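Data block below; observations after.
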Amino acid sequence: MLIQFALAAALLTTPASASEPDWVAAWTWAPSSNVGPTGPASRPNPNDVRGPLGPETVTNQTVSQTTTVSASGDRLRLRISNLYGSAPVIVGAVSVSVGDAAPVAVTFDGAAGLTLPVGAPRLSDPVALPVRALDRVTISVFYPAETTLPVHRLRQVVRDGDTTALPVPADALRQRMGGLVTGIEVEADAPTPVIVALGDSITEGTGAVPSPLVRGWPERLAERMIAANKPWAVVNVGIGGNRLLHQGSGPSGLERLDADALAVSGARCLILLEGINDIGRPARPEYAHQAVVAADLIAGYRQVIARGRAAGLHVVLATIPPFEGANYFTDEGETTRQVVNDWLRGEGVREADAVVDFDVAVRDPESPQRLKAEHQSGDWLHPSDAGYQAMAQAVPLDVCD
């Protein structure tokens, strides 16, 4: 009887996850939608430095993307999502490769393809493919039937037929197209907590020149962490045009917080940079009815703090960079930005776990309402590569410790 009690006690005190693989997010891409106050979001800029626009639909074609991972492991798996689609998506085949190695087939419950319903995401079967942090990973998805791609675009290559077993030519045209893959997870070979960067286009990396990958401040922070032998992985869930409080260019930050940040595998820290679109967009007639004041954004930040901590995450807020010269700049909006940043540097420091001052990192000391000339990419809103590097440098490497 004593032995039985001892065994029962041991079972109760052994963590349920002790024998489970430690899967952590190594790359993410937030799904988005066309929801908005008056209609679909405006089309992306055709002159974007990230490349030309690609097709919105594909038929009997393979779409391939290349990215880098920020965590190491001996196996990986893919997360795909048809969350905001209007019809099921037929996937004929999927492959993945690391670096210049040959592609390896990816399966779903042992099958080469699947029909992905509208709604919930789907994880692939694990692939025995070792990866190291900062490795290039290429994913190819074959769409045998006519398919409307998701609206959130990233740089990809499209080829006719099923080319999932073939490498992507180095000189292939990379176009901005919707992507079905929303995450790469690795079975970590060492404890690897994840920092989730949630925000808008300034987090996504708009304005950065691909070389060949788009590197915003989260990707550059990941590089700093790895170079310093810090254990943290960093993933980017920015969506261009996103707002904290209202829909438009996708669901609001508060709406997508749980799925896109708090539920990310391995997430232990959240860095939030969001608010400039809440401030600026109401200068346009179609958004005028959604004007915000500083108190509205502060209340939103407090919600993020409360919900993040309830999920066990360290919550870091960031000041909003300057935007004078941007096409939706107003004096009233600048006043709101200043009030919000003052709160962040005061009460925000005491209420959140930390505050990162991106405003100071990229502003012009002689004209603090504007970005430094070398820190802006041409529209006086989005940082340049130098600006994103300055933002990454402004994040203390122990910010989430």
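The values are calculated or read from the model by the stated rules, or taken from the named source; none is laboratory data. These figures come from a predicted structure and were not determined experimentally. All Cβ positions, glycine included, derive from the backbone under ideal geometry; neighbour counts span all protein chains shown.
Here are a few things to note about the model shown:
- Only a single criterion out of (1) more than 17 Å from the chain's Cα centre (by Cα); (2) closer than 25 Å to LEU371 by Cα; (3) crowded, with 19+ Cβ neighbours inside 10 Å is not satisfied by GLY346, namely (3).
- Selection within segment 267-306 - aliphatic (A, V, I, L, M), part of a helix (DSSP H, G or I) and crowded, with 22+ Cβ neighbours inside 10 Å: ILE276, ILE279, LEU297, VAL304
- Against the criterion of being surrounded by 20 or more Cβ atoms within 10 Å (Cβ to Cβ), at negative phi and in contact (Cβ under 8 Å) with a residue 60 or more places away in the chain, THR62 qualifies.
- Applying the condition of being small (Gly, Ala, Ser) and farther than 26 Å from GLY73 by Cα to segment 96-151 and asking which residue is modelled with the highest pLDDT yields ALA145.
- Of the set (1) free of Cβ contacts under 8 Å to residues at least 60 places away in the same chain; (2) surrounded by 19 or more Cβ atoms within 10 Å (Cβ to Cβ); (3) out of contact with any His (no Cβ under 6 Å at 6 or more places or on another chain), all apply to SER252 but (3).
- Scanning segment 77-99 for residues that are in a loop (DSSP other than H, G, I, E, B) and over 12 Å from PRO117 (Cβ atoms) yields TYR84, GLY92, GLY99.
- Single residue of ALA283, ALA263 found to be under 28 Å from ARG122 (Cβ atoms) and free of Cβ contacts under 8 Å to residues at least 60 places away in the same chain: ALA263
- The test for being buried (at least 21 other Cβ atoms within 10 Å of the Cβ) and polar (S, T, N, Q) does not hold for THR148.
- Pair list, Cβ under 7 Å, 6 or more apart: segment 331-352 residue under 11 Å from ILE320 (Cα atoms), other residue in a helix (DSSP H, G or I): THR336/ILE279; THR336/ALA294; ARG337/ILE279; VAL339/ALA294; VAL340/ALA294; VAL340/LEU297; VAL340/ILE298; ASN341/ASP359
- Cβ-Cβ contacts under 8 Å between residues 6 or more apart (or on different chains), taken from a first residue in segment 9-31 that is over 30 Å from GLY241 (Cβ atoms) and in a loop (DSSP other than H, G, I, E, B) to a second residue that is at pLDDT 50 or above and not aliphatic (A, V, I, L, M), are listed as PRO21/ARG75; PRO21/PRO126; PRO21/GLU187; ASP22/GLU187; ASP22/PRO191; ASP22/THR192; ASP22/GLY266.
- Residue among THR107, THR115, THR57, THR67 that is at negative phi and without any contact (Cβ under 8 Å) to a residue 24 or more places away in the chain: THR107
- TRP343 among the aromatic types (Phe, Trp, Tyr), assigned by TED's automatic domain parsing to the domain that holds ARG224 and not in a helix (DSSP H, G or I): no
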